[in-house]
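Colleague: Can you keep this structure in mind? I'll have questions shortly.
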Amino acid sequence: MSVPAPAEILTQCALFASLGEEQIRSIAKRCTLRTTRKGEVLFSQGDDSDSLYIMVEGAATISLLSETGREMIFHIAKPGDSIGEIALLDGEPRSATCTIRDVGRVLALRRADFVALLEDPALSRGIITTLCMLLRRSTDRAEFLALRPLRARVAHVLMGNAVPDGPRPPQVRLTQQELALMCGAARPRVNQILKALEAEEVISKNGRIILLSDMEQLEDIAQELDEL
């Protein structure tokens, strides 16, 4: 499969989507395309910030580690997503760890080049839009973890990570451990809920792949406010 040119990749990223063709080409010249390995740590929580990344192929897990050592997966970055823009803006150490989930590619833009571009009003608008999206995501997640029962949280995460598969049910390629970390719960409890959803024919399994057989019912479950 051919890899899109850097300029094409940038136009698919919300951070740069508002820029014109000439501006995109200028930024593309400063970017580096690199191959990533499964399990590779792109950066760790607490690292100095040296680059902004854009997913081109594959996916990456963005995780947080609390002071007590508890891990939580905050987001799974997919092609077109930007990674690490917050730390580049405020100059603070990385607030999360980014781990590559499978072999793929990322586009890297060095911090010095990124900062030099901030004088462009169009790019600034793109950054503001992206920051608002991240803030909204954080707010939604806080509400999601604090107010929703685990069954609703599992349904919400499954829908948010579903990949269309033509006429067949959407697929979710998360391990049970990843699903548990995204829901803020223990793996055995998440496993119980998955078994219940499978018994209700809301989901089914094909090996390690979860198939979302009844999206309408799953959406209703994601809106539940009380434990059943």
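Colleague: Go over the candidates 18, 66, 44, 51 one by one and state the one that is free of Cβ contacts under 8 Å to residues at least 40 places away in the same chain, of a type in the set (S, T, N, Q) and outside the structural domain of residue 187 (by TED's automatic domain parsing).
Modeller: Only one candidate passes the filter, namely 66.
Colleague: I need a count of the residues in segment 158-204 that are modelled with pLDDT of 95 or more and on the phi > 0 side of the Ramachandran plot.
Modeller: Summing the residues that are modelled with pLDDT of 95 or more and on the phi > 0 side of the Ramachandran plot in segment 158-204 gives 1.
Colleague: Answer yes if at least one residue in segment 25-34 is surrounded by fewer than 18 Cβ atoms within 10 Å (Cβ to Cβ) and touching a Ser or Thr at 6+ places or on another chain (Cβ under 9 Å), and no otherwise.
Modeller: Scanning segment 25-34 turns up at least one residue that is surrounded by fewer than 18 Cβ atoms within 10 Å (Cβ to Cβ) and touching a Ser or Thr at 6+ places or on another chain (Cβ under 9 Å).
Colleague: I'm trying to understand the selection: among the residues of segment 161-183, which are closer than 22 Å to residue 65 by Cβ and surrounded by fewer than 18 Cβ atoms within 10 Å (Cβ to Cβ)?
Modeller: If the condition is that a residue be closer than 22 Å to residue 65 by Cβ and surrounded by fewer than 18 Cβ atoms within 10 Å (Cβ to Cβ), then 175, 176, 177 are the ones that fit.
Colleague: Given the condition closer than 18 Å to residue 24 by Cα and under 20 Å from the mean Cα position of the chain (by Cα), answer yes or no: does some residue in segment 91-102 qualify? Step through it out loud before you land on a result.
Modeller: Kept after step one, since they are closer than 18 Å to residue 24 by Cα, are these residues of segment 91-102: none.
The answer is no, given that none of the residues of segment 91-102 is closer than 18 Å to residue 24 by Cα and under 20 Å from the mean Cα position of the chain (by Cα).
Colleague: For residue 136, only one of the following conditions fails: (1) farther than 17 Å from residue 32 by Cα; (2) buried (at least 18 other Cβ atoms within 10 Å of the Cβ). What is its number?
Modeller: Single failed check for residue 136: (2).
Colleague: Looking at (1) at pLDDT below 85; (2) surrounded by fewer than 16 Cβ atoms within 10 Å (Cβ to Cβ), which is the one condition that is false for residue 16?
Modeller: (2)
Colleague: So which residues in segment 41-54 are within 20 Å of residue 182 (Cα to Cα) and not aromatic (Phe, Trp, Tyr), if there are any at all?
Modeller: Scanning segment 41-54 gives 41, 42, 44, 45.
Colleague: While we're on this one: For residues that are farther than 17 Å from residue 215 by Cβ, without any contact (Cβ under 8 Å) to a residue 12 or more places away in the chain and more than 17 Å from the chain's Cα centre (by Cα), tally how many sit in segment 140-194.
Modeller: Residues flagged as farther than 17 Å from residue 215 by Cβ, without any contact (Cβ under 8 Å) to a residue 12 or more places away in the chain and more than 17 Å from the chain's Cα centre (by Cα) within segment 140-194 amount to 6.
Colleague: Here's a follow-up. State whether one or more residues within segment 114-131 are surrounded by 13 or more Cβ atoms within 10 Å (Cβ to Cβ) and either modelled with pLDDT of 90 or more or acidic (Asp, Glu) (or both).
Modeller: Yes, there is a match, as at least one residue in segment 114-131 is surrounded by 13 or more Cβ atoms within 10 Å (Cβ to Cβ) and either modelled with pLDDT of 90 or more or acidic (Asp, Glu) (or both).
Colleague: I've got another one for you. Given the condition among the small types (Gly, Ala, Ser), outside any helix (DSSP H, G or I) and either under 23 Å from residue 72 (Cβ atoms) or modelled with pLDDT of 90 or more (or both), answer yes or no: does some residue in segment 135-147 qualify? Quick ask: steps written out before the conclusion?
Modeller: In the first step, residues of segment 135-147 are kept if they are among the small types (Gly, Ala, Ser); the result is 138, 142, 146.
Restricting the remaining residues to those that are outside any helix (DSSP H, G or I) gives none.
The answer is no, given that none of the residues of segment 135-147 is among the small types (Gly, Ala, Ser), outside any helix (DSSP H, G or I) and either under 23 Å from residue 72 (Cβ atoms) or modelled with pLDDT of 90 or more (or both).
Colleague: If I ask for residues that are of a type in the set (A, V, I, L, M) and closer than 26 Å to residue 117 by Cα, which ones from segment 24-78 would you list?
Modeller: The answer is 24, 27, 28, 33, 42, 52, 54, 55, 56, 60, 62, 77.
Colleague: Looking only at segment 163-171, decide whether some residue is among the charged types (D, E, K, R) and in a helix (DSSP H, G or I).
Modeller: First pass over segment 163-171, keeping only residues among the charged types (D, E, K, R): 165, 168.
If we keep only those that are in a helix (DSSP H, G or I) too, we end up with none.
The answer is no; no qualifying residue exists.
Colleague: Of all residues in segment 69-109, how many are in contact (Cβ under 8 Å) with a residue 40 or more places away in the chain, touching a strand residue (DSSP E or B) at 6+ places or on another chain (Cβ under 9 Å) and farther than 15 Å from residue 12 by Cβ?
Modeller: The number of residues fulfilling the criteria is 19.
Colleague: Right, residue 95: of a type in the set (Ser, Thr, Tyr), crowded, with 18+ Cβ neighbours inside 10 Å and at pLDDT 85 or above or not?
Modeller: no
Colleague: Please note which strands (runs of 3 or more DSSP E) are completely contained in segment 1-102 and include at least 1 residues that are within 20 Å of residue 120 (Cβ to Cβ) and polar (S, T, N, Q).
Modeller: Numbers: elements: 31-36, 41-43, 51-57, 60-65, 71-77, 97-100.
The strands (runs of 3 or more DSSP E) meeting that bar are 51-57.
The values are calculated or read from the model by the stated rules, or taken from the named source; none is laboratory data. Small disclaimer: the values here were computed from a predicted structure and weren't measured. Positions of Cβ are generated from backbone atoms using ideal geometry, with glycine treated the same way; all protein chains shown enter the neighbour counts.
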